[in-house]
Amino acid sequence: MIDPKTLADRFPGDFVFGVATAAFQVEGASKADGRKPSIWDAFSNMPGRVHGRHNGDVACDHYNRLEEDLDLIASLGVAAYRFSIAWPRIVPEGTGPVNEKGLDFYDRLVDGLKARGIKAFATLYHWDLPLMLMGDGGWTARQTAYAFQRYARAVTARLGDRLDAVATFNEPWCSVWLSHLYGIHAPGERDMDAALHALHFTNLAHGLGVAAVRSERPSLPVGLVLNAHAIYPGSDSPADRAAAARAFDFHNGVFFGPVFKGEYPESFLAALGHRMPAIEPGDMETISQPLDWWGLNYYTPMRVSHDPADGAEFPATVPAPPVAEARTDIGWEVFAPALGDLVRRLNADYPLPPCYITENGACYNMGVEGGTVDDQPRLDYIADHLAVTAGLIAEGYPMRGYFAWSLMDNFEWAEGYRMRFGIVHVDYETQVRTVKKSGHWYAALAGEFPKGNHRAG
Ligand code: FCB
């Protein structure tokens, strides 16, 4: 087992250790104080979409247990908390009136963090689009980007003075490709044309959101959280290497290109550009405003081979087998070196600002036995990925922080509550929280931290 003290010595004093959650996954209280449904409320209540037809009605009941959960975060000794703000609480109809009661909850959250000396990292969009916006096409409609801009401004006006950082979107790859092309996430669309519209309008909404945040609060560090994919060819053959290059453009380039270079990748445009919605004058400039930071969510590598099928749609790849034997309980290959390869490649290809690892962690479903949760594989996973991160810092990459996904077990989207990523266990019958072995270890690491720890003034 990696000793937390030895590992801590490899990080600079101001490195930020944190924990992360997202609104729909933990809050529950789905009808409280004026909240209206999101696309995930609708999706999780459709047969066959979410495991066991689980939903977000109660989740971890975090909305009603805020103070207790803030104490829990403080007890872990972390310097920062990454959470998301629920658009359907703030502008319940997507474009209608602002709901002050919804903002009140985040007001209490942010004040509670400040009172405990914990930094507040807010994400504006972690997938809970107000359902009423679906009537106009959701993310396939350009006006949704302007609705997002207005929501972003309302949040910043009320909370911006106490936030330490804000991200516009969490993992647009998921809300674009996974939600509109692969049909796994809400709204469950499976259509390339819909997905291409969602892609450009999400990118546009990011840019409009950056402008909205800065218009209210010029000094607030604003960024974007991307689940960049570490892509490896299934073999050394030229066909598989070309497949991996196409996959890089499709899974990474369509987000990193517009945001950090003001352009979509050439190969992507050549294959699919004619099916994109109109890119209006000024769009690419809006999307590519310089960011103060970016967030990387990393869990597992992506291995691809060339898809030889006739007429296979770009990027024309099929999955290739994993190289590492270790898998987490959700089936994802465990391969820490990919985190290093990914950060090096992205920094070589794009002019990136400083980076926070905004999510990293592992699904292991062991429960409480004798009052404790022995989740050694999760502890090892986090330690190994932190060791890679420390190596990147030694190489000179601007890695500024690490957020464990997740603070606690929660609603794991299409997998419902059966997949557990928490460093704290949640008993969904009683809502009792039990810090797991990995959580105690992580607290020991954060607590060793000489200057990054908020307690060491
Ligand atoms: C990421 C999501 C996060 C969580 C983890 C396991 O894709 O951002 O909400 O579900 O995966």
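Just so it is clear, none of the values below were taken in a lab; they were calculated from the coordinates. Remember, it's a predicted structure, so these values are computed and weren't measured experimentally. Cβ coordinates were reconstructed from backbone atoms using ideal geometry, including for glycine residues, and neighbour counts include every protein chain displayed.
What do you reckon, is GLY331 within 16 Å of the ligand (Cβ to nearest atom), without any contact (Cβ under 8 Å) to a residue 60 or more places away in the chain and over 28 Å from ASP69 (Cα atoms)?
Yes: the conditions hold for GLY331.
Of everything in region 30-66 that's within 22 Å of the chain's Cα centre (by Cα) and on the phi > 0 side of the Ramachandran plot, which residue is farthest from the ligand (Cβ to nearest atom)?
The qualifying residue farthest from the ligand (Cβ to nearest atom) is ASP61.
Can you find a residue that is surrounded by fewer than 20 Cβ atoms within 10 Å (Cβ to Cβ), under 20 Å from the mean Cα position of the chain (by Cα) and away from the ligand (no atom under 16 Å from the Cβ) anywhere in region 124-146?
The answer is no; no qualifying residue exists.
Considering each of TYR298, TYR356 in turn, give the residue that is over 22 Å from ALA444 (Cα atoms), within 16 Å of the ligand (Cβ to nearest atom) and of a type outside the set (A, V, I, L, M).
TYR298
Quickly run through region 245-274 and pick out the residues that are of a type in the set (Ser, Thr, Tyr) and crowded, with 22+ Cβ neighbours inside 10 Å.
TYR264
Can you find a residue in region 46-69 that is in a helix (DSSP H, G or I) and crowded, with 20+ Cβ neighbours inside 10 Å?
Scanning region 46-69 turns up at least one residue that is in a helix (DSSP H, G or I) and crowded, with 20+ Cβ neighbours inside 10 Å.
Table: residues versus (1) assigned to a helix (DSSP H, G or I); (2) in contact with a Gly (Cβ under 8 Å, 6 or more places away or on another chain).
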{"residue": "LEU7", "(1), (2)": "yes, no"}
{"residue": "GLY18", "(1), (2)": "no, yes"}
{"residue": "SER30", "(1), (2)": "no, yes"}
{"residue": "ASP33", "(1), (2)": "yes, yes"}
{"residue": "TRP40", "(1), (2)": "yes, yes"}
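For the condition among the small types (Gly, Ala, Ser) and either surrounded by fewer than 21 Cβ atoms within 10 Å (Cβ to Cβ) or within 28 Å of PRO130 (Cβ to Cβ) (or both), what is the one hit in ALA8, ALA86, ALA79?
Being among the small types (Gly, Ala, Ser) and either surrounded by fewer than 21 Cβ atoms within 10 Å (Cβ to Cβ) or within 28 Å of PRO130 (Cβ to Cβ) (or both) holds for just one of ALA8, ALA86, ALA79, which is ALA86.
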